[in-house]
Amino acid sequence: MIIALTSHLRHNGHKNVKADIEGYMKPDMIVAGMAGGGFTPDVTSTNGKEFIFEVETSDSIDEPHTEAQWRSFSANSADYKKNFVIVVPKGADKKARLRADALGIAINDVWTVR
């Protein structure tokens, strides 16, 4: 899914595409709040605005680690006026939106990848 996402971004005008996979420059770690620690997003890019993308499987949406990442990326996006987008397999978008809503986590969008 990360490869499909990076290809889509590059073909749609996104610049400075970084991905946490071999062959790409790794995104910078994001630290949000006073708790310390941080997380590296799966993909970041720019297209007039900075984007943070976190790719999830249908199963990973409900994991505690996912919640911690989403909270950090959402807070960083709000603080620095970035777009935080969750990317999931086709058919899992509603589940991701419901999870973010239930946790009170602000996201800009949910994208699907086949």
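The values are calculated or read from the model by the stated rules, or taken from the named source; none is laboratory data. For clarity, every value in this text was computed on a predicted model and none was experimentally measured. In this analysis, Cβ positions are derived from the backbone assuming ideal geometry, glycine residues included, and neighbour counts consider all displayed protein chains. What goes into the accessible areas is simple: the full protein's heavy atoms, side chains included, and nothing from ligands, DNA or RNA. Shrake-Rupley method; radii C 1.70, N 1.55, O 1.52, S 1.80 Å.
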For the chain, with every protein chain kept in place, what is the accessible area per residue (1.4 Å probe, Å²)?
57
For the chain, what does the relative contact order come out to in percent, with C-alpha contacts under 8 Å and a separation of six or more?
22
Using 0.36 nm times the number of residues separating Ala102 and Lys90, minus their current alpha carbon distance, what extension gain do you get?
2.3 nm
How many lysine pairs in the chain, separated by 8 or more positions in sequence or lying on different chains, have Cα atoms less than 20 Å apart?
12
Helical contribution to [θ] at 222 nm, DSSP H n ≥ 4, -39,500 (n - 2.57), averaged over the chain, rounded to 500
-10500 deg cm²/dmol
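Rounded to the nearest 20 Debye, what is the dipole magnitude of the chain about its Cα centre when Lys and Arg each give +1 and Asp and Glu each give -1 at the C-beta?
440
Expressed as a whole percentage, what fraction of the accessible surface of the chain belongs to carbon and sulfur atoms when a 1.4 Å probe is rolled over the protein heavy atoms?
It is 50 percent, rounded to a whole number.
What net charge is computed for the residues neighbouring Thr112, neighbours being all others with C-beta under 12 Å from the C-beta of Thr112, Lys and Arg scored +1, Asp and Glu -1?
+2
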Local electrostatic count at Asp42 - Lys and Arg +1, Asp and Glu -1, tallied over other residues with Cβ under 14 Å:
-3
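Out of all DSSP beta bridges in the chain, what portion is antiparallel? Express it as a percent rounded to 5.
Roughly 45 percent of the beta bridges in the chain run antiparallel, per DSSP.
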